[in-house]
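I have placed the structure first, in the form of structure tokens, so that the comments after it can refer back to it.
The values are calculated or read from the model by the stated rules, or taken from the named source; none is laboratory data. Since the model is a prediction, treat every value here as computed from it, not as a measurement. Ideal geometry is used to build each Cβ from the backbone, glycine not excepted, and the neighbour counts take in all protein chains shown. Side chains are part of the model used for accessible areas, which takes the heavy atoms of the whole protein and leaves out ligands, DNA and RNA. Shrake-Rupley method; radii C 1.70, N 1.55, O 1.52, S 1.80 Å.
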Amino acid sequence: MNDVIIIGGSFAGLAAALQLGRARRKVIVLDTGRPRNRFGHHSHGVLGHDHKPPLDILAEARQQLARYPAIRLVNARAESVSGAIDDFCVVTDDHENLKARRLILSYGVADQMPDVPGFAESWGTSIVPCPYCDGYEVADQHWGVVWSGPQSHQSVRLFRDWTDKLTVFADGHDISPELRADLAHRNVPVADGRIVEIAHHKGHITTVNLDTGRNVAVDVLFAQPRNKPSASLHESLGLATVDTPTGVAIKVDERRQTSMPGIYAAGDLATPFLPSVTQSSWQGAMAGIFAQQSMLA
Ligand SMILES: Cc1cc2nc3c(=O)[nH]c(=O)nc-3n(C[C@H](O)[C@H](O)[C@H](O)COP(=O)(O)OP(=O)(O)OC[C@H]3O[C@@H](n4cnc5c(N)ncnc54)[C@H](O)[C@@H]3O)c2cc1C
């Protein structure tokens, strides 16, 4: 019997494994190798790893985990989960049946690309979700902001720390007269109409093309497409979730335990607000520590 099976071996899952391995707990990490930021060329804002390719950070972490004999890293997908605290069973796509006393879910989320030609091709290069991750490198350039509701007004205010050349793309949303007046006051033009195409060269945007026939040149586009968890194991387990502006997140308590005893969650999968590598690593570390402490004799 393993102590813990971790499903998803990226920033959150490996951070959990590190704490558990150092506590000499027997742990298996299942991973399919598709971290959310694999489209990005560099990862930013990660102390000690700033501006490194994300896959390099993960490869270095896996290398460091090799020091700990209690940790087993397995390239496999968790297909199903059953059982209860002290007796969970995970079946992998290699038909392996694995048993553990605790589970940590850290399988992340997948961004849902809109059906707009050029969007997916530019994702991570010139269409990005977060200014803390990618704003510094494109500071003072012309940024587009895809409006997704009144919360986008906060993005406009925030982005002024990086640039004063902003254009809002309404993308079919109604923007109230009050918000339009505020945007005008801030010298932020609104491009009405739906985005129908991103014209680009190797992922670098040239224009955002609208169904009104207008093509607007920007250097970078900030957008937060909807996302969904990368697996549905939490649904089959009936775990409680919370709604976020872009999808759902698994609900956890202050010890990162889900609504089912013995199952913990960490990383983007359980982050309703401002997901990041640092937040995922912190949450993973805490999930590992709390899972370990829940097994003390
Ligand atoms: C374009 C882009 C750029 C970004 N840039 C930055 C940045 O510069 N700095 C920053 O801090 N954050 C950045 N982020 C956010 C960052 O990517 C996430 O916060 C982080 O990857 C979340 O880590 P995680 O471990 O929760 O999930 P992920 O990194 O998404 O990893 C989940 C892992 O679980 C695996 N998995 C999924 N299903 C299963 C299953 N059934 N069985 C086994 N394994 C499974 C996946 O293959 C994956 O390896 C960026 C995000 C995007 C989209």
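Side notes on the structure shown:
- Figure legend: label point modelled 7 angstrom from the Cα of Thr278 along Cα→Cβ; residues of region 132-166 with amide N under 14 Å from it are 132-136.
- Unmatched cysteines, the chain - criterion: no other Cβ of a Cys under 4.7 angstrom: Cys89
- Percent of Cα pairs exceeding the 23 Å cut-off, where the set is region 119-222: 19
- Relative contact order %, the chain, counting alpha carbon pairs below 8 Å whose residues are six or more apart: 22
- Among beta bridges identified by DSSP and lying wholly in region 119-222, the antiparallel ones come to about 45 percent.
- Close amide H partners of Thr206, meaning residues 5 or more places away or on another chain with modelled amide H under 5 Å apart, are Ala199, His200, His201.
- Segments 13-19, 244-250 sorted - mean Cβ within 10 Å per residue, highest first: 13-19, 244-250
- Rounded accessible area per residue of the chain, 1.4 Å, Å²: 49
- Check: region 119-222 dipole with +1 on Lys, Arg Cβ and -1 on Asp, Glu Cβ, in debye: 100
- Applied to region 129-136, the Karplus parametrisation 6.51 cos²θ - 1.76 cosθ + 1.60 on θ = phi - 60° returns per-residue 3J(HN,Hα) values of x, 9, x, 5, 7, 10, x, 4 Hz, with x for Gly and Pro.
- Expressed as a whole percent, the accessible area of region 233-297 that falls on carbon and sulfur atoms is 58 (1.4 Å probe).
- Under 5 Å, built H, 5+ apart or other chain: amide partners of Lys165: Trp143
- The relative contact order of region 119-222, computed from alpha carbon pairs under 8 Å that lie at least 6 residues apart in sequence, is 33 percent.
- Enclosed volume per residue, in Å³, of the convex hull spanned by Cα atoms of region 164-297: 169
- Two-decimal ratio, the chain, of alpha-carbon radius of gyration to 2.2 N^0.38 Å: 1.10
- Amide proton proximity set for Leu221, modelled H, under 5 Å, gap of 5+: Ile127, Val128, Gly144
- Spin-label model, Glu121/Asp164: points 7 Å from Cα along the beta carbon direction are separated by 3.6 nm.
- Taking every DSSP beta bridge that has both ends in the chain, the antiparallel portion is near 50%.
- Protein accessible area in region 8-122, 1.4 Å probe - carbon and sulfur %: 49
- Working note: Karplus 6.51/-1.76/1.60 with θ = phi - 60° gives region 282-297 the couplings 4, 4, x, 4, 5, 4, x, 5, 5, 5, 4, 5, 6, 9, 5, 6 Hz, where Gly and Pro are set to x.
- Distant alpha-carbon pairs in region 28-102 (separation over 16 angstrom), percent: 61
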